[in-house]
Structures are given as structure tokens and as C-alpha cells.
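In what follows, a single structure is set out as C-alpha cells and then discussed.
The values are calculated or read from the model by the stated rules, or taken from the named source; none is laboratory data. Fair warning: this is a prediction, and the values are worked out from it, not measured in the lab. Backbone-built Cβ (ideal geometry, glycine too); neighbour counts: all protein chains shown. Just so you know, the surface numbers come from the protein's heavy atoms only, side chains and all, with ligands and any DNA or RNA stripped out. Shrake-Rupley method; radii C 1.70, N 1.55, O 1.52, S 1.80 Å.
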Amino acid sequence: MPTPSSTALAPSQRVVVESIGSARPALAGLLASQLGLPANQVANALYKAPSVLLEALPQEQACGLANILQQAGLAVRVEPNNVPRPAAAATFDIALYVSDVADLPACCERLAGFLGCLPAAVLGLLSSPPGVIIGDVSAATCAALQQQLEGLGAELVCSRRDQARYQLLIERDPGPSLDSLLHDLRQLGLAPDPHTGQPQGTLDHTSAQQLWRRHQAGGGLRLLDTAFLRYDLSLDAVDAHSQTGRLPELAGLPAELIDCVLENLPVVVEEGVAHSALQDRLQRWQAAGMPVRQQVASLRRCRLKVPAGSQLAPALGLLQQSGLLPTDSAVPRLPWQSPVLHGELPPRWLQHGLEQLDIPIEWQELDHEQH
């Protein structure tokens with residue numbers, strides 16, 4: 001009898017995606033059509049790597065497919081079907097904090113290539129607090145995205161879903177739907193703050209999703225992953241025990257500005273502090289005898305005000321790109337104020353752009369009761 005070839009004796013193989021690498025998102029749709037697989041199955045294999053793309057393949061076919069995928073930018077490996085499958089990866093939601101707004105256009109361009117959308121769509125994501133750009137992906141995708149943004153003034157924040165804590169914001173009129181929501185919150189141990197009416201405490205991912213599914217239809221409900229929140233720290237007052245000489249160290253300002261800061265209190269001394277660093281920063285200010293007040297910058301609401309006598313025409317494109325004016329609008333008559341801006345990125349971006357154009361402006365901060 002003929003001896004079976006070594007190829008025939010080789011165990012069948014599987015192709016495992018280790019990372020999306022530098023591959024473009026359009027590859028998922030192309031692979032789905034070529035391999036005859038559901039598009040969501042292929043997308044999950046790419047964005048939740050390491051994961052199995054195909055299995056039970058002859059070795060030659062598996063190696064050939066792996067070679068094609070590697071040329072397309074994916075990181076893949078071929079392994080025997082009889083070894084344990086990769087364990088399901090923990091999944092993350094990802095937000096981007098643009099620390100240097102001058103890099104915002106470059107961030108939008110690179111993210112557009114990674115996500116498979118237009119830069120304008122990315123700008124919309126980043127401008128919607130708290131700047132979540134993609135969700136339910138693996139650590140390998142986080143690493144690939146971090147590599148795409150290398151060299152830019154931006155911080156990627158990856159929050160693991162099974163460890164996340166969520167802050168619930170309620171903007172709902174009194175009535176049965178609000179009563180039902182508050183009842184469920186009390187069942188979860190979250191009583192409303194007597195002053196703000198907002199829940200005191202946070203929710204885990206499972207509780208947050210269950211609450212969202214049950215009450216989202218009533219509107220006026222937002223869930224924010226606390227890992228993505230940013231804070232401004234304000235110094236309101238100092239006294240004889242305050243170590244004001246530490247202001248340059250703590251606030252990152254030149255020593256010659258100490259007197260200016262002290263003469264103009266209250267002053268924001270730190271902007272955009274990450275949630276993960278907040279307690280440490282509060283403790284450092286407290287230890288220096290200068291306790292600071294935290295404000296959630298991610299939930300800022302403000303209006304841009306342009307006084308009469310300004311030259312707004314050079315900024316027309318910027319205002320249209322930001323969504324404050326329709327794309328076909330003319331230069332507005334002055335004085336002019338914008339619709340409400342939400343979050344901390346749009347004001348910083350507009351401030352930077354308008355300063356570059358030497359256009360004088362003012363900002364009107366709104367509390368959470370104004371619209």
C-alpha cells in the first residue's frame with residue numbers, strides 16, 4: 001500500500017488574528033465576501049484579536065491565506081487545530097483626549113484611516129463628550145491604535161469593560177418615568193444628591209447596561225464611563241498656611257506669575273486632569289495647603305461670543321467645520337453668539353483657531369440648568 005504523504009498526516013490548521021495591525025477597516029468587508037463569512041464575524045476576529053478567523057484548513061491553504069493577510073497589514077499566525085483556542089480577550093472602550101489642539105486635524109486624519117470613515121465624522125466623535133471613538137475591542141486593537149497616533153499630542157484612554165465604572169446623568173422632567181428610574185437606582189444603592197438630584201455613586205458595566213436598557217426610552221439619560229472624564233482644578237483662596245511658593249511646581253507655571261495668580265483668585269490652576277490622576281492631584285494640592293475645587297470639564301457647556309467690531313470672515317470656515325454654522329452660511333452679523341457647545345475639546349479647539357486669526361472673543365460658561 002502507498003505510504004500517506006506527510007502533508008496528508010499533518011493536522012488541519014487554523015488562522016488566528018493576533019492584531020488588526022495596520023490593516024484598513026475595509027478589509028473586514030472584503031474578507032467576509034471572499035471567505036463567505038458574516039461581516040460581523042470577520043470584524044470581531046479583527047477587532048477582538050487574538051481570535052480565530054478560520055479553522056479546519058489544510059496546512060497549505062492556511063499558510064497561503066496567512067501570507068495574504070500579512071501583506072494586507074494584519075498580524076496573524078497559523079497553528080494546529082488540536083491546540084487550545086485563544087481565550088476570549090477582555091474588551092475595552094477607547095476614548096481620545098487631544099492634549100495639543102494643534103494636532104487635532106492630524107488626529108482626525110489618522111483615526112479616519114483606522115476607523116474607515118471621513119475625518120469630519122471623527123471630529124464629530126471627538127467633539128461629543130467624552131470623546132469615545134470605538135468600543136468593545138481587545139487590547140491588541142488598543143495597541144494598534146496607539147501606534148497609529150504615535151508622535152501626536154493626544155492621549156488614548158482604554159477602559160476595560162468588566163472593570164469600568166459609570167456615572168449616570170439624569171435630565172428628565174418629574175413624572176412616572178423619573179420615579180421608576182429613581183426607584184431602580186435606590187434598589188442599586190444609589191440615592192439622589194439632595195442638591196443636584198443626580199445619583200451619588202457609580203455603576204458597574206452590567207448594572208449600567210441593565211439600567212440603560214430598562215429606562216433609555218424615557219430620554220434624558222446619559223451613561224459616562226468615569227475613566228474618560230477630565231477635570232479642571234480651581235484654586236479659590238489661600239491662607240497663611242498655603243505654600244504658595246509651590247505654585248510653579250503644582251500648576252506648571254513660571255515663578256514670576258505667582259503674584260498674578262494670587263491677585264486673581266479664583267483661578268483654574270490645572271486643566272484636563274485625567275480621572276486616573278485626579279485623587280493624586282487633589283492630595284498634592286491639599287498637602288501644599290492649597291485645596292482645590294474639581295469641576296468636570298468633560299461636561300462643560302458654554303457659548304462663544306464675538307463682540308461687535310471683530311472681523312469674523314476669516315473664521316467662517318472654522319465655524320462651519322465646528323458645526324456652529326451651516327456649511328452654506330454667510331458671515332453672521334456682529335455681535336454674535338454661538339449655539340451651546342458641549343464638552344471641553346470644542347472650546348479649546350476654537351480658542352486656538354481664533355487666536356491664530358487674532359479674532360477677539362469671549363466665553364460664556366453655562367451651568368447644567370441652562371440650555
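Pairing each residue of the range 309-321 that is touching a residue at least 12 places away in the same chain (Cβ under 8 Å) with any residue that is of a type in the set (G, A, S), provided the two are 6+ apart or on different chains, yields C-beta distances under 6 Å for L318/G353. Scanning the range 222-248 for residues that are over 26 Å from S298 (Cβ atoms) and in a helix (DSSP H, G or I) returns T244, G245, R246, P248.
If you check R284, R293, R303 for being surrounded by 12 or more Cβ atoms within 10 Å (Cβ to Cβ), closer than 29 Å to A164 by Cα and in contact (Cβ under 8 Å) with a residue 60 or more places away in the chain, only one passes: R293.
Of the residues L190, L168, the single one that is open to solvent by less than 20 Å² (accessible area, probe 1.4 Å), modelled with pLDDT under 95 and touching a Gly at 6+ places or on another chain (Cβ under 7 Å) is L190. Within the range 88-137, the set of residues being among the charged types (D, E, K, R) and touching a residue at least 40 places away in the same chain (Cβ under 8 Å) comprises D93, D100, D103, R110, D136. Just one of the listed residues (Q356, Q364) is free of Cβ contacts under 8 Å to residues at least 12 places away in the same chain, closer than 30 Å to A274 by Cβ and surrounded by fewer than 17 Cβ atoms within 10 Å (Cβ to Cβ), and it is Q356.
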